[in-house]
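Everything on this sheet refers to the single structure shown next.
Every read-out reported here was derived from the displayed coordinates using simple, explicitly stated rules and does not represent laboratory data. Note that the coordinates shown come from a computational prediction; the quantities given were computed from them, not determined experimentally. We place every Cβ from the backbone using ideal geometry, glycine too, and count neighbours over all the protein chains shown.
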């Protein structure tokens with residue numbers, strides 16, 4: 001199973017948290033040894049601000065660079 005997580009610093013180490021749904025699906029337990037493949041990923045940020053609502057016509061003009069021509 002694949003999952004993306006953010007690293008945290010604890011002391012001199014970096015820690016990756018395994019999400020609860022992955023723990024449950026894989027039947028993982030504390031103290032168990034697991035193999036982890038590490039890859040850097042680029043996060044697009046798409047959908048990161050779900051609570052701001054839909055784009056307005058003005059927002060679309062701004063994105064397209066047309067806001068200077070009004």
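With each label modelled as a point 7 angstrom along the Cα→C-beta vector, the residue 24-residue 41 pair spans 2.0 nm. Shape class of region 1-42 from the Cα gyration tensor (axes a ≥ b ≥ c, square roots of the eigenvalues): oblate, since a/c reaches 1.5 or more and a/b does not exceed b/c. Label separation (residue 59 vs residue 9): 3.4 nm, computed from points 7 Å beyond Cα along the C-beta direction.
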